[in-house]
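The structure under discussion appears below in the form of structure tokens.
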Amino acid sequence: MVDGRTGGTVPASAGRSRRPALIALAAYLLLAAGLTVGPLPQGEMLDALVALIGRVTGGVSELAVEAPSNVLLFVPLGFLLARGFPALPGPAVWVLCVLGSVGVEAIQAGFLPGRVPSVLDVAMNGLGAAIGVLLHVLLVRRASTAS
């Protein structure tokens, strides 16, 4: 297999290291689907998180909680996609993540009354995916310099 980041070949051992990433990716996608398009009361979850953080910090706005939450939601996706599919270049992984975020917002707009689609959510999800991809690149570089 060809490594999308370097153009070199991926060692056979990479297949073994992909399996845990692919299993984690499948579990993550189920969790993310439940959080983003599932029947969970998103507004109530956000209100509870804002209240919890507000008790610790003395007060916090909904946006100050929601934006970082959207970033954090997509860090694992970027990382696990890059880890699970090493032949894909990092920018392609990022684009897939952003397209997934756009898809989530489209589903929320078209099929989930009470959910509000947001361009800011897509931007924050894209930032999280970029962080995840970059973390994977750094991990791969560190591993290659150690060997």
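Every number here is computed from the coordinates shown, using simple stated rules; none is lab data. The model shown is predicted, which means the values in this text are computed figures rather than measured ones. Don't worry about glycine lacking a Cβ; one is built from the backbone with ideal geometry, like all the others, and counts go over all protein chains shown.
Scan the range 30-73 for residues that are within 19 Å of Ala123 (Cα to Cα) and within 13 Å of the chain's Cα centre (by Cα) and report the count.
Number of matching residues: 10.
Would you pick out the residues in the range 39-49 that are closer than 14 Å to Gly114 by Cβ, surrounded by 13 or more Cβ atoms within 10 Å (Cβ to Cβ) and without any contact (Cβ under 8 Å) to a residue 60 or more places away in the chain?
Leu46, Asp47
For the range 131-140, state whether one or more residues are surrounded by 19 or more Cβ atoms within 10 Å (Cβ to Cβ) and over 19 Å from Phe79 (Cβ atoms).
Residues of the range 131-140 surrounded by 19 or more Cβ atoms within 10 Å (Cβ to Cβ): 132-133, 136.
From the residues that got through so far, the ones that are over 19 Å from Phe79 (Cβ atoms) too are none.
Among the residues of the range 131-140, not one is surrounded by 19 or more Cβ atoms within 10 Å (Cβ to Cβ) and over 19 Å from Phe79 (Cβ atoms), which makes the answer no.
Any idea which residue in the range 50-88 is surrounded by the fewest Cβ atoms within 10 Å (Cβ to Cβ), counting only those that are under 18 Å from Tyr28 (Cβ atoms) and polar (S, T, N, Q)?
Ser69
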